[in-house]
Amino acid sequence: MSARVFIDGEAGTTGLSIYERLERRGDLELLRIDPERRKDPSERKRLLNLADVAILCLPDEAAQEAVSWVERPGVKILDASTAHRTAPGWTYGLPELKAEQRQRIQRSTRVANPGCYPTGAIALLRPLIDAGALSAAAPLSVHAVSGYSGGGRKLIERFQSANAPKYGAYGFGLTHKHLPEMQRYARLESTPLFSPAVGNFECGMLVFVPLGPSERGAATGADLQRLLSARYAAEPFISVRPLNDESALDAGYLDPEALNGTNRMQLFVYSNEQSRQTLLVARLDNLGKGAAGAALQNLNLMLGIEETRGLS
């Protein structure tokens, strides 16, 4: 029998994106809620307990409530909210995090889908910290720009309006909700300084980690690029570009939209050895590898299906 999948919150941006990817597949049975009952707790609870895997695309409090409704032991939960990314008993859904992470996701009944910004930052930092090329105690900063689709209905409406802004930086309270997972899974000893921004484009993302002489220590840009290349050499969705890759630049600019519609992520190392400064960059689709694509990758693992199915 086909595995039964229920998306609780399929009307939202991430939920719609996951549904569009899943409806093209013939190996899964999608349980759909009547649109008139999508806010009916009893109907949502019924479908949650019918599913083999329930994907939660809900605000944090609603996701926590939905988990509490699950009574059937066989139901697996894949939560796309922030609610459980650092919670005890939940597995972080970044298969590329470390060697055994795929097996942990496969065995888990509770998986937290990663955030879009942390996906890029952790992919850049974790291998370098694990290898000792960067110190976990280094005071790091992370900067990023995302398409507006990651900000929910109100932000989408604002950027699609006649008076749409061209660009908007935010997070000035320095308490962004992605910081706990970024610190934990990159293995940083202190919270990084994170400055996110939104550009006037629907999807796409660039994540930057600048390293000065004190942060990168004795490692050269070539050392960092080699470590990243070795770590991700066998990964189907992460590729590491050559050092100081000029072929990726269009008149000197790196396009944040180049991987839109895919589950791919590219990592770049740009380095100036004279100044001993290095810029690490991740490029991904904030709704692909940063959300819906990552959810499908995790779903495949949780169901024992080929990890790349539906994501080629």
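Coordinate-derived values only; no laboratory data. Quick caveat, the model's predicted, so the values are computed rather than measured. Methodologically, a virtual Cβ is constructed for each residue, glycine included, from the backbone with ideal geometry; neighbour enumeration extends over all protein chains shown.
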Name the aspartates and glutamates eligible as straight-distance cross-link partners of Lys45: C-alpha to C-alpha under 19 Å, and not fewer than 8 places from it in the same chain.
Asp8, Glu10, Glu29, Asp34, Glu36, Asp60, Glu61, Glu65, Glu71, Asp79
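When DSSP beta bridges are limited to those with both residues in the chain, what percentage is antiparallel, rounded to the nearest 5?
Antiparallel bridges: around 45 percent, rounded to the nearest 5.
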Please give the length that would be gained between Asp60 and Ile305 if that part of the chain were fully extended, namely 0.36 nm times their separation in residues minus their C-alpha to C-alpha distance (nm, one decimal).
85.4 nm
What nm distance separates the two modelled labels at Ala131 and Tyr253, each placed 7 Å from Cα along Cα→Cβ?
3.2
Note on the stretch 116-286: the mean projected area of its alpha-carbon convex hull, in nm², is 10.3
Counting helices only, and only those DSSP H runs with n ≥ 4, report the 222 nm mean residue ellipticity of the chain as the sum of -39,500 (n - 2.57) divided by its residues, in deg cm²/dmol to the nearest 500.
-8500 deg cm²/dmol
Percent antiparallel among DSSP beta bridges confined to the stretch 217-309, rounded to 5, stands at 75
Taking the simple approach of a point 7 Å from Cα along Cα-to-Cβ for both Glu157 and Asn200, what is their distance in nm?
2.0
What's the angle, to the nearest 10 degrees (0 to 90), between helix 221-231's Cα axis and the longest principal axis of the chain?
30
Rounded to the nearest 5, the percent of DSSP beta bridges in the stretch 116-286 running antiparallel is 70
Just to be sure I follow: if Rg is taken over the C-alpha atoms of the chain and Rh is the Kirkwood radius over the same atoms, what is Rg/Rh?
0.97
Per-residue ³J(HN,Hα) for the stretch 176-192, Karplus 6.51 cos²θ - 1.76 cosθ + 1.60, θ = phi - 60°, Hz, x for Gly and Pro:
4, 5, 7, 5, x, 6, 4, 5, 5, 8, 7, 6, 8, 7, 9, 5, x
